[in-house]
Every structure is written in C-alpha cells, then in structure tokens.
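Reviewing the structure listed below.
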Amino acid sequence: MLLEFSLVSSCSLIYLFLMRKIAIAINLVDKPNVRKLHSGSIPLVGGISICMAVIQFLLSNPNVISHSSLFSMCISTLIILGVLDDKYDISFKVRLLVQAILSIAMIYASGIKLGSIGDIFGFGDIYLGVFSPIVTVLAVIGAINAFNMMDGIDGLLGSQAIITLSGVGLLAMQNNTAGLAYLSVAFIAALLPYILMNLGVFGIKRKVFMGDAGSMMIGFTVIWLLLETSQVTAEHSMRPITALWLVALPLMDMVTVMCKRILRGDSPFKPDREHLHHILQRLGLSSRQALLVISLLATSFVGFGVFGELTDISEPAMFAAFLVCFAVYKALTDYISKASTEATYSHQLDMQ
C-alpha cells in the first residue's frame, strides 16, 4: 500500500514537471492583475496533474470505490471545463450548468445523493424525499465553488483539501469502508508534490498553480466522498452533521463572502478581496502566516467533527456548535474586514 501511494506521488510529480512545460507553450498561465498579486506568469497545471495521477490509480484499482468509472469521467469533465475557464475565462453560468449536469449524473447513475440531513434538531432523522435531488445539486455546486474560492494564496487549497480528506479517510477507515479511505489517501499523495511546487520548494521558476480545473475537481471529489460516507455506505462512516464540520471553513468563507457581495448589490460570483486570506493579509500577515492560521482553524473544525463522530456527541449539539462557530466567524471577519479596510484607507490618506 505504501509503495502504491508513493507511486501516485511520483506520477503526480512527473506530470507536474511535464505539464508545466506544455502549459507555458500554449500560454495556459496565470498572469498578475489587480486581484492576483503574484510575480510572473505561473502555469495552471496542478489540477491536471493531480487528476492524471488519481485516474491512473483508479485504473489500477477499479474496485476501490463503487462507480469509479463515473467518478473518473466527472472529474475529467471538470478538468476540461476548468482548463477552458483558465484559458478563456468562460461565463460562470456555463460552469454552473456543467456542474449541475454532473451532479445529476452522479445522482441517477450512481445513486449517490443527499437523502437525509440526520437528527440535527433532536426530533429524529430528517429525510428530504422528493427534494433530495435538488438539494444534492445545490450541495455539489456549493462544495465545488467553496473550494474554488479557497484558492487564493500559495498552499491554501492543497492544505485545505488534505485536511478535509484526512478526516474523511480516518472516519472511513474507522468504519471499515476501506475503499473510500484508500481513495482519500491517494488524493493526498497526489496533492503533496503540488503543494511543494506551489510553495516554491523546487524553486520559484518551477512554481505552479492549481487553476480552476483543480479547485473544481477537488470540490467535487470532497462532496462525492462526503455523500458516499454519510448517505450510501451500508454502515455510514459518518453522520451528515459530521460531514458539515469537515468542510466548515470553506463553507463559512463562501457564504460570508457571497452575503457581502449580495448586500453590495453585486453578483455573488463576482471576484473580490474579501476572503479570509485577504483579510488576514490586510492585517499584516504574510501569505505563509495566513496559510498557517487558516490551516490551524480548518484543522480545528475537522478535528472537532472527527472527535464528535468518534465520541458520539449528539447531532443537535454538533449542529448548534456549528451555528455558533459560524456566527462568531462571520462577526469576527466582518469586524476585522471593516477595521482593516479603514486602517488601510487612513494610511493612504496619511501618505498623501
């Protein structure tokens, strides 16, 4: 098993080096602008390379999860969509349409869907019935875009994905759904070389970015695994409320930012610099410091979810705790964002 995961990492690394040369040749690169403050043009090949390594793993282990062919087709489609978006900046409406179609394919071809949200109010399990397909599509689109929005500073998306997948893998292994645990670990193995290159460990000239291709693939993978472990497996690896804790930080960040955009009269999909990593940087933290703070916060949320599952904390208590954390998160980020923006504006006036 260790040899196989080492092979996944090795293949991912090789694909990264090969694909970055192709990306430079075809101009599949990320260039600096008013929102993107990096230096130079960076190849957008992280997602492509990770996907190639994971699909190679699935071809060698087709029975590791049910419907592995469908899963491979879905993430490949998202990679193609993401590459087109990275290259030509296609409309968010087209992206949402493709994501919805893949969600429907997942529901009706594999039977994976959000059928119950559990006993979050203490009155028994809540089943979604005829609304299950609609809620599932929204959940898939939400997860894809939540992880897409996390891709703002070096190492952040990869770290968040590893933290979430570690929680999924641990609980899947704990409940003897080994295939789901193996796929989680395989993804982590494929992500590690990307993070090293993204952080510049192999040199700034060899730096790569994930791209929309990778962020959408990761979001889809996470929601697939969460739905299968909380809804489909004979003995569920986790309760639905636990799945919510495993994606707590990306979800909180997405909802908070979208609410701000809507209140300003903007589209919820209009890019800005109001994400948590932007706020921390305005406070004076470097990108590495912001990465550390956010990773620790994400680990705390995932850790609590895993702890709550393993110790059987009641679902209403876990849901109430989630709502409290969400309210505190929104209040703090709103306050810090406003204070840091005012401080930046005052500093600019002083400089004038």
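Which of (1) of a type outside the set (S, T, N, Q); (2) modelled with pLDDT under 90; (3) not in a loop (DSSP other than H, G, I, E, B) is the odd one out, the single condition Asp272 does not satisfy?
Only one criterion is unmet by Asp272, namely (3).
How many residues does the stretch 136-179 hold that are among the aliphatic types (A, V, I, L, M), in contact (Cβ under 8 Å) with a residue 12 or more places away in the chain, within 30 Å of Pro62 (Cβ to Cβ) and open to solvent by 10 Å² or more (accessible area, probe 1.4 Å)?
Summing the residues that are among the aliphatic types (A, V, I, L, M), in contact (Cβ under 8 Å) with a residue 12 or more places away in the chain, within 30 Å of Pro62 (Cβ to Cβ) and open to solvent by 10 Å² or more (accessible area, probe 1.4 Å) in the stretch 136-179 gives 7.
Those residues that are farther than 18 Å from Arg239 by Cα and either modelled with pLDDT under 95 or not β-branched (Val, Ile, Thr) (or both), I need them from the stretch 301-327; list them, please. Spell out the reasoning first.
Here is the first cut: in the stretch 301-327, the residues farther than 18 Å from Arg239 by Cα are 324-327.
Within the stretch 301-327, Cys325, Phe326, Ala327 qualify.
Could you grab me the full set of residues in the stretch 299-319 that are surrounded by 15 or more Cβ atoms within 10 Å (Cβ to Cβ), within 23 Å of the chain's Cα centre (by Cα) and of a type in the set (A, V, I, L, M, F, W, C)?
Phe301, Val302, Phe304, Val306, Met318, Phe319
Of everything in the stretch 105-134, what is surrounded by fewer than 16 Cβ atoms within 10 Å (Cβ to Cβ) and closer than 17 Å to Ser230 by Cα? Give them in sequence order. First the steps, then the outcome.
Taking the stretch 105-134 and keeping what is surrounded by fewer than 16 Cβ atoms within 10 Å (Cβ to Cβ), we get 105, 108-109, 111, 121-131, 134.
Across the stretch 105-134, the qualifying residues are Gly111, Gly124, Asp125, Ile126, Tyr127, Leu128, Gly129.
Looking only at residues in the stretch 262-298 that are among the β-branched types (Val, Ile, Thr) and open to solvent by less than 50 Å² (accessible area, probe 1.4 Å), which one is farthest from Gln160 (Cα to Cα)?
Step one: of the stretch 262-298, the residues among the β-branched types (Val, Ile, Thr) are 262, 279, 293-294.
After this cut, where a residue has to be open to solvent by less than 50 Å² (accessible area, probe 1.4 Å) as well, the list is 279, 294.
Values: Ile279: 18, Ile294: 9 Å.
Within the stretch 262-298, the match that is farthest from Gln160 (Cα to Cα) is Ile279.
Which condition does Cys325 not pass, out of (1) farther than 23 Å from Gly155 by Cα; (2) open to solvent by 70 Å² or more (accessible area, probe 1.4 Å); (3) in a helix (DSSP H, G or I), if it passes all the others?
It is condition (2) that Cys325 fails.
Give me the residue from the stretch 1-41 that is modelled with pLDDT under 90 and among the hydrophobic types (A, V, I, L, M, F, W, C) and, out of that set, nearest to the chain's Cα centre (by Cα).
Across the stretch 1-41, the extreme among qualifying residues is Leu37.
Looking at the stretch 79-128, which of the residues that are under 19 Å from the mean Cα position of the chain (by Cα) and among the polar types (S, T, N, Q) is farthest from Ser66 (Cα to Cα)?
Result: Gln99.
Scan (1) under 24 Å from Ile14 (Cβ atoms); (2) open to solvent by 70 Å² or more (accessible area, probe 1.4 Å) for the single condition Asp89 breaks and write down its number.
It fails just one condition, (1).
Take the conditions open to solvent by less than 10 Å² (accessible area, probe 1.4 Å) and modelled with pLDDT of 95 or more and apply them to Met252. Does it pass? Steps first, please.
Values: open to solvent by less than 10 Å² (accessible area, probe 1.4 Å): yes; modelled with pLDDT of 95 or more: yes.
So Met252 passes the test.
For the subset of the stretch 187-213 comprising residues that are of a type in the set (Val, Ile, Thr) and assigned to a helix (DSSP H, G or I), which member is most open to solvent (accessible area, probe 1.4 Å)?
Of everything passing the filter in the stretch 187-213, Ile204 is most open to solvent (accessible area, probe 1.4 Å).
Please work out which one of (1) over 30 Å from Ile204 (Cβ atoms); (2) surrounded by fewer than 21 Cβ atoms within 10 Å (Cβ to Cβ); (3) of a type in the set (A, V, I, L, M) is the condition Leu102 fails and give its number.
(2)
Condition check: in contact with a Leu (Cβ under 6 Å, 6 or more places away or on another chain), open to solvent by 10 Å² or more (accessible area, probe 1.4 Å) and either free of Cβ contacts under 8 Å to residues at least 12 places away in the same chain or not acidic (Asp, Glu) (or both). Does Val64 satisfy that?
Working: in contact with a Leu (Cβ under 6 Å, 6 or more places away or on another chain): yes; open to solvent by 10 Å² or more (accessible area, probe 1.4 Å): yes; either free of Cβ contacts under 8 Å to residues at least 12 places away in the same chain or not acidic (Asp, Glu) (or both): yes.
When the stated conditions are applied, Val64 passes them.
Can you go through Ser287, Ser295 and tell me which one is polar (S, T, N, Q) and modelled with pLDDT under 95?
The match here is Ser287.
Take Ile279 and tell me if it is in a helix (DSSP H, G or I) and either among the small types (Gly, Ala, Ser) or touching a residue at least 60 places away in the same chain (Cβ under 8 Å) (or both).
Details: in a helix (DSSP H, G or I): yes; either among the small types (Gly, Ala, Ser) or touching a residue at least 60 places away in the same chain (Cβ under 8 Å) (or both): yes.
For Ile279, the condition - in a helix (DSSP H, G or I) and either among the small types (Gly, Ala, Ser) or touching a residue at least 60 places away in the same chain (Cβ under 8 Å) (or both) - is met.
Out of all the residues in the stretch 135-176, which are assigned to a helix (DSSP H, G or I) and over 20 Å from Ile112 (Cβ atoms)?
Result: Asn148, Met149, Leu156, Leu157, Gly158, Ser159, Gln160, Ile162, Ile163, Ser166, Leu170, Gln174.
Please work out which residue is farthest from the chain's Cα centre (by Cα), limiting yourself to the stretch 186-206 and to residues that are β-branched (Val, Ile, Thr) and modelled with pLDDT of 95 or more.
Ile195
The values are calculated or read from the model by the stated rules, or taken from the named source; none is laboratory data. What you see is a predicted model; the values in this text were computed from it and never measured. As a convention, Cβ positions derive from the backbone with ideal geometry for all residues, glycine included, and neighbour counts pool all protein chains shown. The accessibility values were calculated without ligands, DNA or RNA, using every heavy atom of the protein model including side chains. Shrake-Rupley method; radii C 1.70, N 1.55, O 1.52, S 1.80 Å.
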